[in-house]
């Protein structure tokens, strides 16, 4: 049975008097992967940072697993994780050292640390400095860090950008395994075809609002204006 893990209502954010997000609303449920498609400048990264509690919105109701995230951020932050397009890690440290530092900050126990190392699939590369990593390796390290606190909601910003096809396929395989465990996953991408292969639903963000949603199995040709040229 699916349960609602994330409820966002009336999300608004301005920069310099210009509205980037305007009265935006959407839900995420357990056991689903939801795609978010947006052209550049539509507010995708701002949306993810606000919902991921990395940026304060001007107005919003953000409910994460029954917790009012803006009123109780310390409780809510442990339920959600954001994997940025370019994960913020310590380049001069090894992958293992990064996991240890973030594990200490997140107060992760030994089992969580072990699972995080497994999620990275980096093997002996964990003992190498992150500055030597490829884009895909850095993404895998970022995913391991994001999953360290066992979040119930995961937000990913362009997670397959710069990845080799095999690396992208492996990432989607991991996300599907998490979905089956009941995790809610929101994947922001400009690749609609890729999302259609894995997402249960797809949202379209245009001019700061969610304007369209495709259910699983829907064809992009049903609304070519939104999908092929969402401007």
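The condition of being closer than 25 Å to residue 200 by Cα and either more than 19 Å from the chain's Cα centre (by Cα) or in contact (Cβ under 8 Å) with a residue 60 or more places away in the chain (or both) does not hold for residue 53. Of the listed requirements (1) buried (at least 20 other Cβ atoms within 10 Å of the Cβ); (2) not in a helix (DSSP H, G or I), residue 98 misses just one: (2). Tallying residues that are more than 15 Å from residue 91 (Cα to Cα), without any contact (Cβ under 8 Å) to a residue 40 or more places away in the chain and surrounded by 11 or more Cβ atoms within 10 Å (Cβ to Cβ) within the stretch 119-131 yields 2.
Does the stretch 132-153 include one or more residues that are at pLDDT 95 or above and loosely packed, with under 15 Cβ neighbours inside 10 Å? Yes, that holds for at least one residue. Evaluating residue 163 against the criteria (1) assigned to a helix (DSSP H, G or I); (2) over 20 Å from residue 29 (Cβ atoms) leaves one unmet condition, (1).
Only residues that are in contact with a strand residue (DSSP E or B) (Cβ under 8 Å, 6 or more places away or on another chain), under 30 Å from residue 137 (Cα atoms) and outside any loop (DSSP other than H, G, I, E, B) were counted in the stretch 53-84, giving 7. Across the stretch 16-52, the number of residues qualifying as outside any helix (DSSP H, G or I) and either touching a strand residue (DSSP E or B) at 6+ places or on another chain (Cβ under 8 Å) or closer than 24 Å to residue 75 by Cβ (or both) comes to 24.
Within the stretch 167-182, residues that are on the phi > 0 side of the Ramachandran plot and surrounded by 12 or more Cβ atoms within 10 Å (Cβ to Cβ) reach partners that are at pLDDT 95 or above and not in a helix (DSSP H, G or I) with beta carbons closer than 7 Å, at six or more positions or on different chains, in the pairs 182/30; 182/31.
The values are calculated or read from the model by the stated rules, or taken from the named source; none is laboratory data. All of these numbers come straight from a predicted model, not from anything done at the bench. Heads up, the Cβs are rebuilt from the backbone with ideal geometry, glycines too, and the neighbour counts pull from every protein chain shown.
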